[in-house]
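As structure tokens, the structure follows; a few thoughts come after it.
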Amino acid sequence: MTYSPRPQRDLRFIVIGAGMAGILAAIRLKEAGYRQIVVYEKADRIGGTWRENTYPGLNCDVPAHAYTYSFAPHAEWSHYLAAGPEIQAYFEGVTKKHGIEPLIRFNQEVTACVFENDRWKVETSGGIKDEADVVIAASGVLHHPNIAQIPGMDTFRGPSFHSARWDHSVPLDGRRIAIIGSGSTGAQLVSGLVDRCERVVHVQRSPQWIMPVENPAFTEEQKAAFRRDPALIDAVRYNEEYVTNVRLFTEAIADMDSPQIKQIEAAVLDNLERSVKDPVLREKLRPDYRAACKRLIFSPDYYDAIQRPNAVAAVGKIERIEPTGVRMKDGTLHEVDIIVLATGFQADRFIRPTRVIGKNGVDLDHAWALRPSAYLAVTIPDFPNFFMLNGPTGPVGNFSLIDIAELQWGYIAQLIAEIDAGRCRIISPTHAAMADYETRRIAAAKHTIFGSGCSSWYLDAEGVPASWPWSYDAFIAAMAHPKLEAFDRV
Ligand code: NA7
């Protein structure tokens with residue numbers, strides 16, 4: 001299998017979504033010399049999750065220099081972990097620098113993709129009808145808010161909103177706020193608001209394990225050195241400790257009985273024991289499930305924030321929302337002025353609700369009736385020339401999804417090369433390859449730490465972990481070269 005040095009055919013590409021992955025696809029296609037690339041974006045700006053999440057305290061728990069494109073190192077990160085607005089600005093800068101903006105049609109949500117006569121017919125909310133040889137679905141994972149249905153929500157007197165729909169018109173300083181949900185968002189919100197609000201009530205159905213992490217600022221001297229010598233950035237990005245930790249982490253999650261998971265368990269337990277001084281609060285904050293079963297929270301300051309005099313850990317179930325606050329099942333009423341739902345996202349949507357109809361009228365909704373899945377997380381039988389970035393069953397965890405998307409792009413580019421070189425017009429995985437992959441994946445998924453008995457957005461509707469169940473190295477190997485015998489090529 002060979003990469004075409006330059007395009008042989010004038011293929012037309014439609015990329016869905018101008019978030020991290022869609023921008024990557026557009027840059028790579030443009031670099032490869034393709035001239036017909038259009039990116040449809042539902043919003044009026046690029047950025048995906050970094051555009052939609054604007055809550056106070058937002059940051060990325062993957063080190064900033066590792067959360068960058070490999071081809072666009074960035075000397076200016078202010079801290080080891082970057083804040084949300086900095087990341088948004090980074091993506092905007094890269095988009096501009098690579099001349100991607102003119103390729104993007106903003107405010108055009110793709111409503112339908114229909115495969116007819118070996119091409120994809122695409123329609124958007126703005127009435128555009130377009131066609132392409134290849135569709136790249138880069139529509140993201142966590143973008144449909146899960147609005148928790150809590151009784152009495154509509155009776156609350158003050159403002160309330162989901163964390164990904166932050167209402168910036170609501171003043172926060174000196175107010176009392178309840179944050180419902182203890183995932184990464186809830187934890188970051190507590191840290192981000194404790195200095196501003198009069199009272200922060202962290203309502204948590206399930207307390208979380210917290211991995212300590214330091215978040216030092218980069219000095220002006222360090223940034224100047226990064227500018228002068230990008231090799232210094234690489235030294236941070238590919239820092240041995242970080243790379244080893246990613247490997248350790250993925251090996252740990254792949255096997256709930258591994259020695260690596262014991263290391264993680266020891267670290268988070270030690271953090272709880274050492275950081276939380278009051279024994280009553282410590283017991284309240286002690287999770288009753290295994291570390292890393294839910295996505296681990298990396299936080300430099302959550303335990304500090306929740307121990308402040310104006311912070312309250314309201315651990316337990318909610319009875320209902322009342323006009324003045326949150327009533328817990330134990331009868332306590334937490335009176336607040338504002339309620340924020342940090343209750344996560346519907347993680348099984350992917351490209352849906354876009355209507356996607358493949359070969360012979362196969363509807364993606366039906367193909368995914370049991371669970372969303374894709375062969376090696378990238379392609380789907382009956383949906384030829386339809387390639388997904390950060391699609392279902394890909395690796396998720398405490399590592400950079402940019403690296404995952406870049407590895408996936410390397411694989412997709414080789415499939416595109418088959419079409420470009422005229423070795424086929426359309427390509428999709430065989431049903432046999434898909435069935436074999438899913439059987440192996442589901443069997444392995446049951447041994448992952450995600451399947452060790454807790455609820456999380458990592459589980460599908462049947463309680464099976466929905467992610468890549470093998471190691472990071474196994475993923476790198478799988479993405480290195482497509483096995484063409486696993487594909488129908490016409
Ligand atoms: P998560 O990690 O899905 O967390 C959602 C939180 O909301 C979690 O603590 C849930 O409790 C809680 N939740 C959900 N529904 C309810 C109801 N009905 N009542 C009370 N509490 C509820 O979402 P995040 O936004 O924090 O993070 C998502 C990802 O974004 C994160 O993993 C990173 O990858 C970036 P539960 O644990 O189910 O008891």
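Helix-only mean residue ellipticity at 222 nm, the chain, DSSP H runs n ≥ 4 weighted -39,500 (n - 2.57), per residue, nearest 500. What is it?
On the way: 14 runs with 149 residues, N = 490.
That comes out to -9000 deg cm²/dmol.
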Query - Where no second cysteine Cβ lies under 4.7 Å, the cysteines concerned in the chain - result: 60, 113, 197, 424
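Counting DSSP beta bridges with both partners in the stretch 108-264, what percentage is antiparallel, nearest 5?
Working: 10 of 15 bridges.
Bridges in the stretch 108-264 are about 65 percent antiparallel.
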Query - Whole-number D in µm²/s for the chain (Stokes-Einstein; Kirkwood sum over Cα pairs; 37 °C, 0.692 mPa s) - result: 138
Query - Under 24 Å from residue 96, Cα to Cα: lysines that are on another chain or at least 8 residues apart - result: 30, 42, 223
Query raised in the report: Taking amide H positions as placed 1.01 Å from N in the peptide plane, with prolines and chain starts having none, which residues 5 or more places from residue 320, or on another chain, fall under 5 Å of its amide H?
Result: 327
Query raised in the report: Considering only protein heavy atoms and a 1.4 Å probe, what is the carbon-and-sulfur percentage of the accessible area of the chain?
Result: 51
Query raised in the report: Out of the stretch 1-72, which chymotrypsin sites (Phe, Trp or Tyr not before Pro) are coil in DSSP terms and have no more than 15 other C-beta atoms within 10 Å?
Result: 3, 71
Query - Net +/- balance of residues flanking residue 184 in space, Cβ distance below 14 Å, scoring K and R +1, D and E -1 - result: 0
Query - Long-range HN-HN contacts of residue 205 with modeled amide H, under 5 Å - result: 181, 182, 316
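Around residue 258, what is the net charge, scoring Lys/Arg as +1 and Asp/Glu as -1 over all other residues with Cβ under 11 Å from its Cβ?
On the way: positive: 262; negative: 251, 255, 257, 265.
Summing Lys and Arg as +1 and Asp and Glu as -1 gives -3.
Can you give the alpha-carbon Rg of the stretch 57-147 over 2.2 N^0.38 Å, where N counts its residues?
The stretch 57-147 yields a ratio of 1.40.
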Query raised in the report: For the chain, what's the relative contact order in percent, using C-alpha pairs closer than 8 Å and at least 6 residues apart?
Result: 20
Query - 16 Å Cα-Cα reach of residue 359 towards lysines, excluding residues that sit fewer than 8 places from it in its own chain - result: 121
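Give the calculated FRET efficiency between residue 217 and residue 165 to the nearest 0.05, with a Förster radius of 25 Å applied to their Cβ-Cβ distance. Please report the intermediate quantities before stating the final value.
On the way: r = 30 Å, r/R0 = 1.20.
Result of the calculation: an efficiency of 0.25.
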Requested in this report: On a C-alpha basis, how far is the centre of the stretch 139-172 from the centre of the stretch 214-281 in Å? Whole number, if you could?
Outcome: 31
Report summary line: Under the Karplus relation with 6.51, -1.76 and 1.60 and θ = phi - 60°, whole-Hz ³J(HN,Hα) for the stretch 215-228, x at Gly and Pro, equal 10, x, 7, 7, 6, 4, 5, 4, 5, 4, 5, 4, 5, 5
Query raised in the report: Restricting to the chain, what percent of DSSP beta bridges are antiparallel, rounded to 5?
Result: 40
Query raised in the report: Ordered by residue, what ³J(HN,Hα) values in Hz, to whole numbers, does the stretch 85-100 give under the Karplus form 6.51 cos²θ - 1.76 cosθ + 1.60, where θ = phi - 60° and Gly and Pro are x?
Result: x, 5, 5, 4, 5, 4, 5, 5, x, 5, 4, 5, 4, 8, x, 8
Report summary line: Summed over the other residues with a beta carbon less than 14 angstrom from that of residue 197, with K and R at +1 and D and E at -1, the charge totals 0
Requested in this report: Set Lys and Arg Cβ to +1 and Asp and Glu Cβ to -1, take the dipole of the stretch 22-64 about its Cα centre, and tell me which of 50, 33, 60 lies farthest positive.
Outcome: 33
Query raised in the report: For a label point 7 angstrom out from the Cα of residue 229 toward its Cβ, which stretches of the stretch 61-77 have the backbone nitrogen within less than 17 Å?
Result: 74-76
Query - Bridge type composition, the stretch 196-326 - antiparallel percent by DSSP, nearest 5 - result: 20
Query raised in the report: Counting only residues 5 or more places away or on other chains, whose amide H sits under 5 Å from the amide H of residue 12 once H atoms are built in the peptide plane?
Result: 133, 134
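Would you mind getting the accessible area per residue of the stretch 41-148, heavy atoms of the protein chains only, 1.4 Å probe, in Å²? Please report the intermediate quantities before stating the final value.
Numbers: 4160 Å² over 108 residues.
For the stretch 41-148, the per-residue accessible area is 39 Å².
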Requested in this report: Using the Karplus curve 6.51 cos²θ - 1.76 cosθ + 1.60 with θ = phi - 60°, work out ³J(HN,Hα) for each residue of the stretch 433-440 in order, rounded to whole Hz, and write x for Gly and Pro.
Outcome: 5, 5, 5, 5, 4, 5, 4, 5
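The values are calculated or read from the model by the stated rules, or taken from the named source; none is laboratory data. Because the structure is predicted, anything quoted here is derived from the model rather than measured. All Cβ positions, even for glycine, are placed from backbone atoms using ideal geometry, and neighbour counts span all protein chains on display. Accessible surface is based on the protein model in full, side chains and every heavy atom, while ligands, DNA and RNA are left aside. Shrake-Rupley method; radii C 1.70, N 1.55, O 1.52, S 1.80 Å.
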